[in-house]
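Encoded as structure tokens, the structure appears first; notes follow it.
Please treat every number below as a calculation from the coordinates, not as lab data. Not measured: the values here are computed from a predicted model. Positions of Cβ are generated from backbone atoms using ideal geometry, with glycine treated the same way; all protein chains shown enter the neighbour counts.
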Amino acid sequence: MIIGIPKEVKVRENRVACTPAGIRYLSDAGHTVLVQSEAGEGSGFSDAAFRKSGAEILDDPAEVWLADMVVKVKEPVEAEYGFLRNGQVLFAFLHLAANPKLACCLVEKGVSAVAYETVYTNGRLPLLAPMSEIAGKMSVMAGGVYLANHFGGNGMLLGGVPGVLPGKVTILGGGTAGMNAAIIAKGMGARVTVLDLNQERMRYLSNVLGAQVQTIFSTGQHIIEELKDTDLLVGAVLIPGATAPKLLDRDMLRSMKKGSVFVDISIDQGGCSITSKPTSHENPVFVEEGVLHYCVTNMPGAYARTSTEALTGNTLPYVRAIADTGVEEAVRSVSGLRGGLNVHKNRITNKAVSASLGIEYGGSSLDMDD
Ligand SMILES: NC(=O)c1ccc[n+]([C@@H]2O[C@H](COP(=O)([O-])OP(=O)(O)OC[C@H]3O[C@@H](n4cnc5c(N)ncnc54)[C@H](O)[C@@H]3O)[C@@H](O)[C@H]2O)c1
């Protein structure tokens, strides 16, 4: 198969969808890999390194997008919609529940779109997890910086100092991102509370993270009680494939201390507050109800070397399977890929995505029911 790796065009997105080692793995298996020139620069991989691994380097993105399968990091932006075409396989983060325009475009053009974030196997999301680990860790690092007075924050140092109470970090959702946020917050010496709906998950967090991290069942009332003395709030909830549940309204945010910070990691699925709206690394924060909102949709793009290695190490077996057998056979034979297939033959083929978008589910008619 011919595989295309375009340069990412989303604002300050430095990741690339494959490392030179990954290119070698695919080209040794007999596949042709086209890489757009400078695609790896932001992650520290030169064109020469890709070429040495067997890639063909092309200047024109249009030529790269002519490949049978295009492997990307982030969803295509509007400037790339013209490259989408019938029968092409697209493998990338897509977050279609929060992006109806792209979803309709993929359906209309007949693209077979496989979303990293809904590849689901053994109760896990193996391609989302490495990025959630990074975003979770970053959320406390970034949130701690914006608590500084000169950014408009309330001036609380999360770790405190002897004789002064540390700051309080409240985390909504104790999955992969939430747990990694809790690890960093705990390491800094902050007081940490995690709210989740899953009792088993909270038992696990308690056992692993110990008494410095409190867990509380997630209800509206419990969230309101925790917000009063919270300095840093992290949104890390997920219902796979679906729009993020809205757990915060304006009254709740107004009840928080002025200058507290809210990092909404779940913004890529629409965000968990009615005040959340996507931002970029160029202009990451805005203020609503006295609370600084950090809503960057591609947080791991800021630490591209780590993120690229973590992502491609996980995506590569799936890329190889699709390239070896084609998308339909790969979806039938590789555990997890069925959940990843969001659009195929002009239909939405993931039930949660179809329910969130209000577009008819078309998986059954393809003999590929969940
Ligand atoms: N902004 C970014 O750059 C970025 C990067 C990576 C991941 N993400 C996003 O972060 C979010 C979290 O991802 P994850 O991998 O940690 O997911 P996960 O499935 O591992 O964890 C989600 C957790 O949310 C919990 N949850 C669901 N509804 C809840 C509710 N009402 N109250 C409290 N908890 C609730 C679930 O029980 C689960 O434990 C996703 O939306 C993901 O796409 C964003």
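Here is how the numbers come out for the structure above:
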item: Relative contact order computed over the chain (Cα-Cα under 8 Å; 6+ residues apart), in percent; result: 18
item: All lysines inside 24 Å of residue 52 as judged from Cα atoms, apart from same-chain residues fewer than 8 positions distant; result: 7, 72
item: Pairwise centroid distance, computed over Cα atoms, of the stretch 129-153 with the stretch 292-309, Å; result: 10
item: Mean separation of Cα contacts under 8 Å, 6 or more apart, over the residue count of the stretch 129-297: relative contact order %; result: 21
item: The stretch 287-348: Rg to Rh, with Rh as the Kirkwood radius over Cα pairs; result: 1.19
item: Mean Cβ count within 10 Å, highest first, over the residues of peptides 171-184, 237-250, 334-347; result: 171-184, 334-347, 237-250
item: J(HN,Hα) series, the stretch 165-172, from Karplus relation 6.51 cos²θ - 1.76 cosθ + 1.60, nearest Hz, glycine and proline x; result: 4, x, x, 10, 10, 10, 10, 8
item: Relative packing of 223-235, 272-284, 256-268, which averages over residues the other C-beta atoms within 10 Å, highest first; result: 256-268, 223-235, 272-284
item: Residue 355 versus residue 324: modelled label distance in nm, points set 7 Å from Cα along the beta carbon direction; result: 3.4
item: Label-point gap, in nm, between residue 221 and residue 121 - each point 7 angstrom along Cα→Cβ; result: 4.3
item: Alpha-carbon centroids, the stretch 189-206 and the stretch 240-275: separation in whole Å; result: 18
item: Coordinate range along principal axes, alpha carbons of the chain, Å, largest first; result: 64, 46, 37
item: Cross-link reach list, aspartates and glutamates versus residue 101, counting only Cα pairs under 15 Å and skipping chain neighbours closer than eight places; result: 75, 78, 80, 268
item: Whichever lysines have a C-alpha closer than 25 Å to that of residue 258, once near sequence neighbours (fewer than 8 apart) are set aside; result: 137, 168, 186, 228, 246, 277
